[in-house]
Amino acid sequence: MNKNHQKISAANTSNKALESTDSWMEIIWAWADKFKLSNSEIPRNKEALLAITQLAILEPDLDEQDARDLYRMDYIPDELTHLTNLVEITISGIRANYLPKEIGQLTNLTKLSISHSKLTALPDSIGQLVNLTELFIDESQLQQLPDSIGQLDSLNKLFISRCKINILPDSIGQLSNLKILDLVHCELSELPDSIGQLSTLAKLFISYCPLKHLPASIGQLKNLTQLDLINCGLTTLPDSIGQLDKLDKLYINHCKLTQLPSSIGQLSNLTELFISHCPIRQLPASIGQLTKLTTLDLIDCELNELPASIGQLTCLTELNLINAKLKRLSSTIGQLDSLTKLDLNGCALRELPDSLMQLAYLQWLNLTGNPLDNLSTQLLNHLLTIDDVYGLGK
């Protein structure tokens, strides 16, 4: 073959490659045109399309509930996986129940967010997204996560909301850099034991899931600083919860807990404890061991008394006992040297201990909803000197 023929052959090969490249781009542009995606969402220029690093296709703000039946697009084309410079993908409003099978080719991707879709599964290739740090899936028909999810070594935020997942794969424990796990409105009734392997997990949020119990392995989360359990079916907490040495905030809301384990007192770094709308009748005496606690909220619970050890909470600045069924307050409440706010709204108390006069830093007091027909004159006069006091007719 002479040199001219070689040049022609090379040119033909180059043209075929160009045609092939243009072919997948044409498919993307046709898709963008079909679903009326703007040029800012999908550039119609070859160079701009190849250079795109952020893909954001969002639904318009719609107020009516009927908008949930409307979708921005029917599907995402497989050809989108050729855009290998993509770093972030944020898409809402997909009628399809799948993502591109080869999404794992987008190895530069650091954030993937899919909301309002009929997605039922994630492709196995998702485990190839070696640089992915954030994964958000909201409002879908997702039934399970693939085992390959455990291969996402860089992942530090995982948010799964409003889906049909009822079990997490054991491989979830392999997410060695995960710091935030947020599970909202899923159908989870339990967590795998492997959850305890998430050695870097700092925040665990579980809301509106029919969770029956927490695995004992939860105590292995040595870097956990915040645990939120909201609207779950939990009736007990495992004793191992006391092993969460770094736990700083514990929020329990609308669960079925009737008591706290005595090991709760081992949470030596806990500063905020919030319990609301739970049928808890009493607190363990070990509550007094929470020497770093600054805020204690017990709202709409079934509490009929506080343990005497409550007085050991010398760092407590705020105590909210709202709509409890207290018959009396322990006199040791007067030992709360740092207390600045005390809310006893709706507790139906008829008397208060004189030791309240020892609370030298108390600035805010709410006694609304308490008959208080058995107060000593001395205590009444003292309470009326507090800067902000409610429920005494001041």
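Quick note: the coordinates plus some simple rules give every number you see, no bench work behind them. Being a predicted model, the structure only gives us computed values, none of them experimental. Cβ placement follows ideal geometry from the backbone for every residue including glycine, while neighbour counts extend to all protein chains displayed.
Scattering from the range 100-244 was approximated by placing one identical point on each alpha carbon and applying the Debye formula without solvent; log10 I(q)/I(0) at 0.13, 0.19, 0.21 1/Å stands at -0.53, -1.15, -1.40.
Legend: distances between Cα atoms for K256/K341; K164/K222; K292/K327; K246/K327; pairs beyond 32 Å are K246/K327. Each residue of the range 346-358 is assigned a 3J(HN,Hα), and the resulting list reads x, 9, 6, 6, 9, 8, 10, x, 4, 5, 4, 5, 7 Hz, derived from the Karplus form 6.51 cos²θ - 1.76 cosθ + 1.60 (θ = phi - 60°), x at Gly and Pro.
Potential lengthening of the chain between A30 and Y75 amounts to 14.9 nm, from the contour at 0.36 nm per residue minus the alpha-carbon distance. Compared with the dominant Cα axis of the chain, that is its longest principal axis, helix 3-34 is turned about 40°. Going by Cα centres, the range 260-303 and the range 109-128 are how many Å apart? Value for the Cα centre distance between the two parts: 39 Å.
Net charge in the neighbourhood of P371 (other residues with Cβ under 12 Å of its Cβ; Lys, Arg +1, Asp, Glu -1) is -1. Contact order, relative form, for the chain: 6 percent (alpha carbon pairs under 8 Å, 6 or more residues apart, mean separation divided by residue count). With a cut-off of 13 Å between beta carbons, the residues surrounding P215 carry a summed charge of -3, where Lys and Arg count +1 and Asp and Glu -1. For the range 243-394, the Cα gyration tensor yields ellipsoid semi-axes of 26, 17, 13 Å (square root of five times each eigenvalue, largest first, whole Å).
Here K203 is the anchor, and the aspartates and glutamates within straight C-alpha reach of less than 16 Å, apart from those fewer than 8 places off in the same chain, are E134, D182, D228, D245, D248, E272. A simple count of charges around M25, restricted to other residues whose Cβ falls under 9 Å of its Cβ and scoring Lys, Arg +1 and Asp, Glu -1, yields -2.
Projected over all directions and averaged, the alpha-carbon convex hull of the chain occupies 24.9 nm².
Working note: Karplus 6.51/-1.76/1.60 with θ = phi - 60° gives the range 236-244 the couplings 9, 10, x, 4, 5, 4, x, 8, 7 Hz, where Gly and Pro are set to x.
Ordered by the count of other Cβ atoms within 10 Å of each Cβ, fewest first, D124, D343 give D124, D343. Over the chain, DSSP H runs of length four or greater, each weighted -39,500 (n - 2.57), average out per residue to a 222 nm ellipticity of -3500 deg cm²/dmol.
Summarising the amide proton neighbourhood of V389: residues at separation of 5 or more, or on other chains, whose placed amide H is nearer than 5 Å comprise L365.
Distances between placed amide hydrogens fall under 5 Å for H116 paired with G93, D138, E139, all partners being 5 or more residues away or on another chain. Spacing of the modelled spin labels on D153 and S338, each 7 Å from Cα toward Cβ, amounts to 4.2 nm.
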